[in-house]
1. Can G84 be described as closer than 24 Å to V194 by Cα, free of Cβ contacts under 8 Å to residues at least 40 places away in the same chain, not assigned by TED's automatic domain parsing to the domain that holds W197 and not in a helix (DSSP H, G or I)?
2. Starting from segment 220-249, take each residue that is over 15 Å from E195 (Cα atoms) and assigned to a helix (DSSP H, G or I) and list its partners that are of a type in the set (D, E) and more than 15 Å from the ligand (Cβ to nearest atom), counting only C-beta distances under 8 angstrom and pairs at least six apart or across chains.
3. Checking the condition modelled with pLDDT under 90, within 16 Å of the ligand (Cβ to nearest atom) and among the charged types (D, E, K, R), which residue from D180, D212, D200 passes?
4. Please go through segment 44-88 and pick out each residue that is of a type in the set (K, R) and exposed (fewer than 15 other Cβ atoms within 10 Å of the Cβ).
5. T55 is checked against (1) in a loop (DSSP other than H, G, I, E, B); (2) closer than 17 Å to T190 by Cα; (3) modelled with pLDDT of 90 or more and fails just one. What number does that condition carry?
6. Please go through segment 215-249 and give me each residue that is within 13 Å of the ligand (Cβ to nearest atom), charged (D, E, K, R) and more than 21 Å from I135 (Cβ to Cβ), ordered by number.
7. Pull up segment 162-177, narrow it to residues that are aliphatic (A, V, I, L, M) and either at pLDDT 80 or above or under 17 Å from the mean Cα position of the chain (by Cα) (or both), then point me to the one that is farthest from the ligand (Cβ to nearest atom).
Amino acid sequence: MKTQNLLPVRKDLSKMPKVGDIIEYDTMCRVENSKLQRGMNFRLNNSTSVVLMSTVHGAPYQDSIQNEGRILIYEGHDVPRRNGNIDPKKLDQPMFTESGSLTENGKFFNAAQKYKNSKRSPELIRVYEKLKPGIWVYNGIFRLTSAWTEKSEERMVFKFRLELLDEYKNDNKQKNIKTDFSRFSRRIPTSVKVEVWNRDKGRCAICGSENDLHFDHIIPYSKGGSSTTAKNVQILCSKCNYSKNDKIM
Ligand SMILES: [Zn+2]
């Protein structure tokens with residue numbers, strides 16, 4: 001029987017971000033207990049894997065979001081840039097380092113292969129998405145379900161398919177509300193998030209707080225409110241968010 005890949009036990013679970021939370025780079029590093037200097041982190045601190053992604057214009061890799069945020073196609077990473085004049089974007093993405101150990105590409109690739117051959121449960125990965133320099137959104141926990149290589153502009157790149165894990169699927173009613181709440185945030189495209197962030201100046205639209213911020217649908221998604229226009233999206237702190245939710249329910 002497969003053993004479930006358990007998430008690390010953290011004493012202070014209240015500090016773990018919820019899907020759709022907007023967090024600063026420093027907070028993200030604190031949550032992950034790491035400086036997060038690279039985008040791919042297989043089993044960070046020997047626990048859950050963490051990847052950082054970006055779909056904004058000019059991002060270094062071609063990451064994409066499908067199915068309203070439930071599927072991510074994440075690109076592998078290049079060889080490190082050295083002093084020489086070879087552009088890493090012209091070289092195949094490596095499976096191994098120069099010393100012959102697996103790169104992060106290689107570690108994630110092998111984990112996906114093992115899952116495919118039913119030798120283990122899927123690797124669980126926490127995903128953060130960059131909104132703008134220093135500002136990130138937590139996208140949730142994903143399962144790594146497949147990996148492959150493909151040609152991109154005359155070189156070989158790795159691609160990883162990540163599928164959103166339903167965190168509260170079998171949990172009690174109260175937590176299901178939270179899941180629904182999270183799903184609404186998830187469906188907001190990054191371009192809308194960036195527009196809203198700039199308009200609201202990174203603050204709660206009601207009280208001006210700069211802490212515990214999330215994206216909120218002004219007219220709820222469940223009542224037909226749109227996710228695809230900044231007009232229906234605002235930034236709220238968790239306090240204002242919950243008091244708004246109380247009124248709706
Ligand atoms: Zn507020």
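1. no
2. From residues that are over 15 Å from E195 (Cα atoms) and assigned to a helix (DSSP H, G or I), the pairs are S222/D180.
3. D212
4. R81, R82
5. (3)
6. Answer for segment 215-249, where residues must be within 13 Å of the ligand (Cβ to nearest atom), charged (D, E, K, R) and more than 21 Å from I135 (Cβ to Cβ): just K244.
7. The qualifying residue farthest from the ligand (Cβ to nearest atom) is L162.
Condition check ((1) surrounded by fewer than 23 Cβ atoms within 10 Å (Cβ to Cβ); (2) hydroxyl-bearing (S, T, Y); (3) out of contact with any strand residue (DSSP E or B) (no Cβ under 9 Å at 6 or more places or on another chain); (4) modelled with pLDDT of 90 or more) across all residues:
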| site | (1), (2), (3), (4) |
| --- | --- |
| I125 | no, no, no, yes |
| K132 | yes, no, yes, no |
| R143 | yes, no, no, yes |
| V157 | yes, no, no, yes |
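The values are calculated or read from the model by the stated rules, or taken from the named source; none is laboratory data. Just so it is clear, the model here is predicted, and its values are computed rather than measured. All Cβ positions, even for glycine, are placed from backbone atoms using ideal geometry, and neighbour counts span all protein chains on display.
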